[in-house]
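The structure appears below as structure tokens.
The values are calculated or read from the model by the stated rules, or taken from the named source; none is laboratory data. Since the model is a prediction, treat every value here as computed from it, not as a measurement. Backbone-built Cβ (ideal geometry, glycine too); neighbour counts: all protein chains shown. Just so you know, the surface numbers come from the protein's heavy atoms only, side chains and all, with ligands and any DNA or RNA stripped out. Shrake-Rupley method; radii C 1.70, N 1.55, O 1.52, S 1.80 Å.
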Amino acid sequence: MKASLLTLFAFGGFLATSIASPLAVDTSVEKRQDIDAIETSLETLFTQIQEQTGKINATLTPVQDAAPEADAQTAADAIAPQLDAIADLLDKSSSIAKRAIVEGRFVKEDIFKTVSLILWELLGTVKFILIKIGLGPVLIHLVPLILALVKLLKALDKVVDGLLIAVKFIVDDLLKAVGLGLLGLLP
């Protein structure tokens, strides 16, 4: 009898503390705020990349397609700071991925959309650069950018299983564009 009475009190105490505890509510609010912070960080990254690619496009618009070597080198020197800035932004964005890994509950559709937009933006800019001035003058600045992008994608793939599969076709286009540019450098 005493054992069943103690069990009843223990069960009642457990039930009362689990229902009355506001800890679970605070945790879910904090997690939602973390998800919002990650989404905001990725959107901010996209906006910053758009600003840099806009500067690149504005600089290269007056340059003729397949510009002579002297003009191409001048244009490459003019867009080098923007390419380096994009590489730095992508490098710093690995902290976004680390926060997302800790959170572990990021909404997949949002990350797919934002990463896809970032990749399309970079793909369009790289293709525009290759059309205007070729790969030779900007190769030294594109390598860190591509490496930082690969680092970000690998980090984000840990957050969302299958991210690389989802954005594979965009990355393939980007790498194909750079590869064809490299083929053009061969004698």
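Looking at the range 66-91, which of the residues that are open to solvent by less than 10 Å² (accessible area, probe 1.4 Å) and not small (Gly, Ala, Ser) is farthest from Leu123 (Cα to Cα)? Among those residues, the one meeting the criterion is Ile79. Scanning the range 111-157 for residues that are open to solvent by 50 Å² or more (accessible area, probe 1.4 Å), modelled with pLDDT under 85 and hydrophobic (A, V, I, L, M, F, W, C) yields Phe112, Val150.
Consider the range 53-65. How many of its residues are within 21 Å of Pro144 (Cβ to Cβ) and open to solvent by 30 Å² or more (accessible area, probe 1.4 Å)?
Taking the range 53-65 and keeping what is within 21 Å of Pro144 (Cβ to Cβ), we get 53-57, 59-60.
Right, trim to open to solvent by 30 Å² or more (accessible area, probe 1.4 Å) and you get 54-55, 57, 59.
Total meeting the criteria: 4.
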